[in-house]
Amino acid sequence: MEMIGLRASAGMAALLAGVATPGLAWSQPAAPAAVERPSAATLTPLPHGVELREGDRRMRVDALTDRILRVRVARDGRYPEDASWAVPAAVRAQGAAVTAAPDGFATAALRVRLVGSPARLVVEDRDGHVISADADQPLTRDGRGFTLRKALPQGEHIFGLGDKTGSDFDRRGNSYVDWNTDAFGFTSSQDPIYKSIPFFIGVGGAGGSYGLLLDNSWRAFFDFGHRDADTIALGAPDGPIDYYLIAGPSTADVVRGYAALTGPSPMPPLWALGYQQSRYSYMSAAEVRTLAARLRAERVPTDVIWLDIDFQDRNRPFTVNSQAFPDFAGLIHDMGAEGLKIVAITDLHIPALPGAGYAPYESGLAGHHFVRKPDGSLYVAPVWPGPSVFPDFTETSARRWWGTLFKPFVADGVAGFWNDMNEPAIFETPTKTMPLDTVHRVASDDFAPRDASHAEIHNVFGMENSRATYEGLLALRPDERPFVMTRASYAGGQRYAVTWTGDNLSTWDHLRLSVHQLVNLGLSGFAYGAADVGGFAGGPSADLLTRWFEIGAFTPVFRDHSAKGTPRAEPWVDGPAHLAIRRRFVETRYRLMPYLYALADQTARTGDPIMRPVFYDYPEALNASCDQSMSFTLGKALLVAAPPKMESPQSYDVCLPAGGWYDFWTGQPVAGRTTDGADQPIQSATQAAAGPRTASLRLTEQPRLDRLPVFVRAGTILPRQPLVQSLSETPQGPLALDVYPGDDCAGVLYADDGHSLGYRRGAFLRQTVRCTVTPTGLSIRFAAREGRFTPWWRDIAITVHGWQGGGEARLEGRRIATQGDAGAGTLTFTLPAPRGAATLTLARN
């Protein structure tokens, strides 16, 4: 294709005249006076983008979709290898239709311009609002290293980068390094820690939200206005200059775009959403049985017990201490009869035991599956079991071998696996990891087979470990959803595992930090994140553990975990008063399981996180005047507003977005101060005379240990279920729907068998329910069911909140008995669960 210079040329004259060029759809460009051109650069149109040549700089921008761009910069005249650990080949192969322009191209949603000298990449929406723009010196090189610079507008906030630490959700004003690190007892200002997810989101700019994924596995860095208040600087000491820009316009659009690039979190087994009890370590089968009996006796709903490294023989992965656990398979069977799953740890270090009959070492050695030194000898280093070797997870063959090692545990009935220490962590060295010149063999996906240094592979090592486990479990149980938890990972790791924030501390600061980490993990693709409830190290006070239980009940993965040598942290340890509060919040989670499971379905289809910043669904909350550092939403419907200073009895204000809210605990409309300062309650949406409200609501909360403020958006239809002690039980009674009338009133019912991949083949139920305020009352419409799965419920018990007086209910004309409660402001009734489309009308008496 002819190269088009941005100085006057015959090619440019043809372009300005609107002459078509084969392979591109040209359109009449803007007037030449409106185009800022680089003075010494040339642009070559590409089928889905453009290539820039400017001196020795060569860069191409491709539109994968109308809103996702890929930018690559050549080194020594050659572009980076078209391969990625984060973005699958089929996604990278996508291409959107583009319209060429003198300074770049346009998609259906964006204008991509290369302007100035040196040429700067400017991405705008079709109305000319800048979404993202290079700074004046967009690229500098230092040997093999590079730095990219982007403009950081005054009003822009930065989120993402996984579970990086910080004093708030916002990353602006800080700098970070991506280098997976065993960071026991990390602080709220420590960096780096366990994961490297080189993806961030800019929010609040004139062009809306955008996301940027730097697909470089080396020791990358990010500076968000730390050294230069107006500049984002990012780069790495080596590796490809290869990044993706995702244009919103909303934050939700960006997160969904990132999921389209790197994959959403898959549907977990239902039991993974239940309460999970762990400790480092439960030391024997007798202790596990005693624990299980106490959980059931105290009526604390529980689905999982975790086994840390002491269940193994001398800390050796894929072994069992036969003295402490003499009948391992029998224990797992007996726990299953109690509705309890077992998740077992499998660290990635394999003890080097030549001649000892240790099968993982012998088979791995025979298959050449271990990482080596530059001289070709095995790399051996100390970890929990002593001198150990390490699987070379960047080889497909090594991952397949690793997967086979789980066969005995799977046969015994172990439900899930925990990949810890996979940064990888190494003892007795200041760096806490392998030497940078350790050699890995890359033979995977669409990478060209080659050797690579640990400096390149380090940040993807943990992800590929969890991938090997995930794929191995799929091979062993082809129709069961794998459950894998990983400590270290990289962008895209959510395809293989859930994660947790690592070895945190039993402090109020760490409880606060955990909320920030989990929210940013959700924005970074990991919808399923956990923080050790109570803190791993140190031992929580009674009040701290209780508050952590309350907040943990509304997080994606709810696991109580504590370290060896610390006070016990099981729910009952601080006496009956604290146990009662903790149990009530665990029970609340179990009653909310239909809502949580519908969110899991949404996440698997769209990438929407389960735990979200308030501004995710309510953009006006980004600049709320209240301290929202401990506020988040669970889906769109529930807003949790924990005290921002949890150790303090000081009252605090909560800002609720416009539209109306109900108190989750009482079901009553929330009263407070609207933004104009008037004290008045939000009007019930069933009061047809009251028009829609646009003012947000401000209210004051007085901290109480037995209360966590939770609010329900007006316009929510919230499904709940009868209480069970395990998600393996079938709830007895009707499915409950709490209807909180308001604008855009809707809810979703979802069910499947909870464990298999049958939902991918249509064995699911999905049903949308909507409500509309009418002049005489309310209309509730059930859409036809999707899928062919028959759920556990036969009847639905509906409670309409904010209802005044009595009422008459008719389902497709058939009268349904109702009961009003003037004090509670509710109308309740029960009806057979509609299978097809059906409308229920409510009229006030």
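The values are calculated or read from the model by the stated rules, or taken from the named source; none is laboratory data. This is a predicted model, so every value here is computed, not measured. Neighbour counts run over all protein chains shown; Cβ positions are idealised from the backbone, glycine included.
No other residue among Ala101, Ala109, Ala93 is assigned by TED's automatic domain parsing to the domain that holds Ser209, surrounded by 16 or more Cβ atoms within 10 Å (Cβ to Cβ) and under 30 Å from Gly493 (Cβ atoms) apart from Ala109.
When you look at Gly813, is it within 22 Å of Tyr750 (Cβ to Cβ), out of contact with any Ser or Thr (no Cβ under 7 Å at 6 or more places or on another chain) and small (Gly, Ala, Ser), yes or no? Answer is no for this residue. When each of Tyr243, Tyr194 is tested for being among the hydroxyl-bearing types (Ser, Thr, Tyr) and not in a loop (DSSP other than H, G, I, E, B), the lone residue that passes is Tyr243. Here is a check on your reading of the model: is Val112 in a strand (DSSP E or B), at pLDDT 95 or above and in contact with an Asp or Glu (Cβ under 9 Å, 6 or more places away or on another chain)? For Val112, the condition - in a strand (DSSP E or B), at pLDDT 95 or above and in contact with an Asp or Glu (Cβ under 9 Å, 6 or more places away or on another chain) - is met. The requirement of being touching a helix residue (DSSP H, G or I) at 6+ places or on another chain (Cβ under 8 Å), in contact (Cβ under 8 Å) with a residue 40 or more places away in the chain and closer than 21 Å to Asp601 by Cα is fulfilled nowhere in the stretch 453-464; no residue meets it. Checked against the criterion of being assigned to a loop (DSSP other than H, G, I, E, B) and not hydrophobic (A, V, I, L, M, F, W, C), the candidates Ser188, Ser132 yield just one match: Ser188.
Here are some residues: Trp803, Trp792. Which one is closer than 27 Å to Pro482 by Cα, among the aromatic types (Phe, Trp, Tyr) and touching a Ser or Thr at 6+ places or on another chain (Cβ under 9 Å)?
So the residue among Trp803, Trp792 that is closer than 27 Å to Pro482 by Cα, among the aromatic types (Phe, Trp, Tyr) and touching a Ser or Thr at 6+ places or on another chain (Cβ under 9 Å) is Trp792.
Gly204 meets all of the listed conditions (1) surrounded by 24 or more Cβ atoms within 10 Å (Cβ to Cβ); (2) in contact with a His (Cβ under 8 Å, 6 or more places away or on another chain) but one, namely (1). When Ala527, Ala542 are screened for being surrounded by 24 or more Cβ atoms within 10 Å (Cβ to Cβ) and either within 13 Å of Thr165 (Cβ to Cβ) or in the same structural domain as Met485 (by TED's automatic domain parsing) (or both), only Ala527 passes. If we scan the stretch 112-120, do we find a residue that is surrounded by fewer than 20 Cβ atoms within 10 Å (Cβ to Cβ), touching a residue at least 24 places away in the same chain (Cβ under 8 Å) and within 31 Å of the chain's Cα centre (by Cα)? Among the residues of the stretch 112-120, not one is surrounded by fewer than 20 Cβ atoms within 10 Å (Cβ to Cβ), touching a residue at least 24 places away in the same chain (Cβ under 8 Å) and within 31 Å of the chain's Cα centre (by Cα), which makes the answer no.
Before we move on, is Ala455 hydrophobic (A, V, I, L, M, F, W, C), at pLDDT 95 or above, part of a helix (DSSP H, G or I) and in contact with a Gly (Cβ under 8 Å, 6 or more places away or on another chain)? Against the criterion (hydrophobic (A, V, I, L, M, F, W, C), at pLDDT 95 or above, part of a helix (DSSP H, G or I) and in contact with a Gly (Cβ under 8 Å, 6 or more places away or on another chain)), Ala455 does not qualify.
Within the stretch 575-619, restricting attention to residues that are more than 20 Å from Leu518 (Cα to Cα) and touching a Ser or Thr at 6+ places or on another chain (Cβ under 7 Å), the residue that is surrounded by the most Cβ atoms within 10 Å (Cβ to Cβ) is Arg582. Within the stretch 716-746, being closer than 23 Å to Pro269 by Cβ and free of Cβ contacts under 8 Å to residues at least 60 places away in the same chain holds for one residue alone: Gln732.
With respect to (1) farther than 27 Å from Asp412 by Cα; (2) assigned to a loop (DSSP other than H, G, I, E, B), the lone exception for Ser514 is condition (2). Can we say Leu24 is within 43 Å of the chain's Cα centre (by Cα), modelled with pLDDT under 50, surrounded by 16 or more Cβ atoms within 10 Å (Cβ to Cβ) and assigned by TED's automatic domain parsing to the domain that holds Val122? It is true that Leu24 is within 43 Å of the chain's Cα centre (by Cα), modelled with pLDDT under 50, surrounded by 16 or more Cβ atoms within 10 Å (Cβ to Cβ) and assigned by TED's automatic domain parsing to the domain that holds Val122.
Quick grid of which residues meet (1) under 21 Å from Ala553 (Cα atoms); (2) surrounded by fewer than 24 Cβ atoms within 10 Å (Cβ to Cβ); (3) touching a Pro at 6+ places or on another chain (Cβ under 7 Å):
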residue	(1), (2), (3)
Ala443	no, yes, yes
Thr469	no, no, no
Ala488	no, no, no
Gly493	no, no, no
His510	yes, no, no
Val519	yes, no, yes
